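Everything on this sheet refers to the single structure shown next.
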Amino acid sequence: MAFTCTYTSKVGVAFPQVEGADLVQGNTFTDLNRGETTSLVQAKGDTFTFTPPEPQEDQTTFSAYNKTAKMRSLSLGFSTPEEPFTHSLFFKDVPANYCISPDFHPILQCYFTAEYQETQILPNRIYGPLIWQQSLESLPQDTTLLLNQDHETGDYILEPQ
């Protein structure tokens, strides 16, 4: 058995839609690089948007402000040409006029488990065999990973291509 996936490292911030324990793909997001800041603003009615990213003083991190009148959830994640935005780090109920400014050094950890669904918010640590991990900052922007199963031991092996 072999499985291939491709990772593209384009970080962004989103105004996620939450239904129960699931993050629903919303269309309010923007790409954000280290050293940039953006703000979630309410345009008209229930329409939200992010301001264009601007340079900020701290070049080692990025910031996203909630510039609406109420608490709003924000999330960090990744975008690719095929997938507009995938949530990775969720911030619930960010107060009005506050910002998130994470020191974000993402580590991709791959587990083999059937206990979770694709959009499910993970409330705790994943328990299961960790088959691979790597700092996303050290991977090329486009990375293909190949998942194979060792036919003798049954172990799963994930290798960058």
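Every number here is computed from the coordinates shown, using simple stated rules; none is lab data. This is a predicted model, so every value here is computed, not measured. For neighbour counting, all protein chains shown are included, and Cβ atoms are generated from backbone atoms with ideal geometry for every residue, glycine included.
Taking DSSP loops as anything outside H, G, I, E and B, show the longest stretch in the chain free of GluC sites (Glu not before Pro) there with at most 15 other beta carbons within 10 Å.
Longest gap between qualifying sites, sites excluded: 1-56.
Return the distance in nm (one decimal) between the two label points of a simple spin-label model at residue 21 and residue 138, each offset 7 Å from Cα along Cα→Cβ.
It is 3.4 nm.
Across the stretch 114-121, in residue order, what do the Karplus-derived ³J(HN,Hα) couplings come to in whole Hz, using 6.51 cos²θ - 1.76 cosθ + 1.60 with θ = phi - 60° and x for Gly and Pro?
Those phi angles translate into 10, 7, 10, 9, 4, 9, 5, 6 Hz.
Given the Cα-Cα distance of residue 115 and residue 152 and 0.36 nm per residue of separation, how much length would full extension add, in nm?
10.8 nm
Any lysines with Cα under 27 Å of the residue 10 Cα? List them, leaving off those in the same chain fewer than 8 positions away.
Within the straight-line limit of under 27 Å, residue 10 reaches these lysines: 67, 92.
Could you tell me the convex hull volume per residue, in Å³, taken over the Cα atoms of the chain?
127 Å³
Mind checking the full-extension length gain between residue 159 and residue 107? Use 0.36 nm per residue of separation minus the Cα-Cα distance, one decimal, nm.
In short, 17.2 nm is gained.
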